[in-house]
Amino acid sequence: MSQQFDVVVIGGGPGGYVAAIRAAQLGFSAACVDAFKNPEGKASLGGTCLNVGCIPSKALLQSSENFHAVHHDYAKHGITVSGAKMDVGQMLARKTDIITKNAAGIGFLFKKNKVANIHGLAAFKGRQGDKWVIEVTDNGAVVDTLEASHVIVATGSSPRALPGLATDNQLVLDNEGALALTAVPKRLGVIGAGVIGLEMGSVWKRLGAEVTILEAMPTFLAAADQQIAKEAFKTLTKDTGLDIKLGVKIGEIKTGKKSVTVNYELNGEAVKAEFDKLIVSIGRVPNTQGLGAETVGLALDERGFVAVDEHCRTNLPNVWAIGDVVRGPMLAHKASEEGVAVAERIAGQKPHVDFGVIPWVIYTSPEIAWVGKTEEQLKAEGVEYKKGTSGFGANGRALGLGQAQGMVKILADAKTDRILGLHMIGPMVSELVSEGVVSMEFKAASEDLARIIHAHPSLSEVIHEAALAADKRALHG
């Protein structure tokens, strides 16, 4: 006998579980089917983000930054520490505890909102009248059959493999393996200078590894504003000590018993490098295998993403798709907002998700964050703009924290003064960027930010000063 639901969500990541909760809040009977299992073989909600992505990486980043501070920063505060050592096992246990608490929290929210929590791999099997039939399997055995008026596909993404190189998470690691190293490798190689590569490289560098990052692109952080990217490159290489090589052409990679040898070409010269561990972080691919897309004719695009319109509708009636498995940035908060929007569209509401004001964050130290257009994009589009910049170097709060590196940059329309972009590198900019998101969502001008009173002393004053600078009336620079 099939279980009947108004809405079935396939995938329990930050897009899927939020969509299921919102659907239930709107009065629909909702179920969420998720197949993720933790290393102990137990079901764990939250998807890649919670289990092997955003959350555990931030836990390790904080641990590594604390360790680095003990050895390099505390003396400036008059604090003497001797004999400090890193217990990697305890660090990983703390990470696991955070994951467990958050996963249990999602389970609690499901119970609170009466969302059916179903573990297994879901696949489309066809139609029964006006209902979609979903079959759920676990270890190859059918454990449930569901029927739903609406289906939301939120299956997420997986690490992109390097052709010809097997990922064993012993020597060759993806993001999951990089988060589970039981000891600090002496020589760590990273292929890809994106978010995962930089964050994981930073973790293990601060714990004592020699880290070399190999990036195929000739430009560092090409998606970011290049003034910020250049500042980030200088800081990450000089202060953090990451050896970042750009414009690399990867050749043959050989795995031995205890090391990995990478042959590559840099500036026309052949180079051979040997690493104890190699992290491959060259992007992600959508999870559509095993979904049964071909069974029901669910359309995929040329890159394997589920094809959707601007409202996340697929080519099939009452079938929706959100998050990493569809077009747009692979960001957890983008997935969550799409999940909420789809649930509300099913209820007949008119929600809106503006891709132009989605914040981006890289949690290195210092952090990198931005929202809106870069200066390069505005130039390419022929938009007349003005800009204001201000650094953290003279900010009292940043100096007190001992984190006075970085800057804030505001871009505004030259005629209307409307804010077009906010870009920053510095302490806690993952939190500060929301000021730009709110400002842009409400179509604020740079003068609006300049006229708003910011607390003193606070890091946010740097945003205030950059807004003043956009009108050539900076007070502290």
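Odds and ends about this structure:
- For region 1-106, carbon and sulfur atoms together expose 53% of the accessible surface, with a 1.4 angstrom probe and every protein chain in place.
- Highest mean first, the peptides 467-476, 29-38 sorted by other C-beta atoms within 10 Å per residue fall in the order 29-38, 467-476.
- In this view, the solvent-accessible surface of GLU431, computed with a 1.4 Å probe and all protein chains in place, comes to about 120 Å².
- Radius 15 Å from Cβ of SER458, net charge of other residues (Lys, Arg +1; Asp, Glu -1): -3
- Accessible heavy-atom area order of THR314, THR100, highest first, probe of 1.4 Å: THR100, THR314
- Over the C-alpha atoms of the chain, the Rg to Rh ratio, Rh being the Kirkwood estimate, stands at 0.98.
- Virtual spin-label span in nm between LYS230 and ARG473, 7 Å along Cα→Cβ: 2.9
- Pairs exceeding a 20 Å alpha-carbon distance, out of LYS85/LYS238; LYS234/LYS409; LYS95/LYS186: LYS85/LYS238; LYS95/LYS186.
- Kyte-Doolittle at least 0.5, axis length at least 15 Å by Cα - qualifying DSSP helices, the chain: 429-441
- Order of exposure, largest accessible area first, which applies to PHE28, PHE355 with probe 1.4 Å: PHE355, PHE28
- Segment VAL143-ARG94, extension gain: residue separation times 0.36 nm, minus the distance between their alpha carbons: 14.3 nm
- Alpha-carbon Rg/Rh ratio, for region 161-282, with Rh computed the Kirkwood way: 0.94
- Rounded percent of accessible protein surface that carbon and sulfur make up, region 161-282, 1.4 Å probe: 49
- Length released on extending from ASP309 to ALA414, taking residue separation times 0.36 nm less the Cα-Cα span: 34.5 nm
- Nearby lysines by direct alpha-carbon distance to LYS415 (threshold 26 angstrom, same-chain neighbours under 8 apart not counted): LYS373, LYS379, LYS386, LYS387, LYS443, LYS472
- Straight-distance crosslink candidates among lysines, where the alpha carbon sits under 19 Å from LYS350 and sequence neighbours closer than 8 are dropped: LYS334
- Based on protein heavy atoms only, the chain ends up with 47 Å² per residue of surface accessible to a 1.4 Å probe.
- R0 of 25 Å, Cβ-Cβ distance GLU441-ALA223: FRET efficiency to nearest 0.05: 0.75
- Helix-only mean residue ellipticity at 222 nm for the chain, each DSSP H run of n ≥ 4 adding -39500 (n - 2.57), per residue, nearest 500: -9000 deg cm²/dmol
- The magnitude of the dipole of the chain, with charges of +1 and -1 set on the Cβ of Lys/Arg and Asp/Glu and taken from the Cα centre, is near 680 debye.
- Remark on ARG127: its backbone amide H falls under 5 Å from those of VAL133, a criterion applied only to residues 5 or more positions apart or on other chains, H modelled at 1.01 Å from N.
- Here the Karplus curve 6.51 cos²θ - 1.76 cosθ + 1.60, taken at θ = phi - 60°, turns the phi angles of region 36-42 into couplings of 5, 10, 7, x, 7, x, 9 Hz, with x standing for Gly and Pro.
- Burial order of peptide ranges 60-73, 337-350 (average beta-carbon count within 10 Å, highest first): 337-350, 60-73
- Cross-link reach is defined here as a Cα-Cα straight distance under 15 Å, omitting same-chain residues fewer than 8 places apart; for LYS257 the aspartates and glutamates meeting it are ASP168, GLU274, ASP276.
- Protein heavy-atom surface of region 359-470, 1.4 angstrom probe: 54% of the accessible area is carbon and sulfur, with nucleic acids and ligands not counted.
- Compared with the direct C-alpha span, the chain from ASN113 to ALA347 gains 82.6 nm at full extension, assuming 0.36 nm per residue.
- Label separation (GLU252 vs ARG327): 4.2 nm, computed from points 7 Å beyond Cα along the C-beta direction.
The values are calculated or read from the model by the stated rules, or taken from the named source; none is laboratory data. Note that the structure is a prediction, hence the values are computed from the model and not measured. Methodologically, a virtual Cβ is constructed for each residue, glycine included, from the backbone with ideal geometry; neighbour enumeration extends over all protein chains shown. With ligands, DNA and RNA removed, areas are computed over all heavy atoms of the protein, side chains included. Shrake-Rupley method; radii C 1.70, N 1.55, O 1.52, S 1.80 Å.
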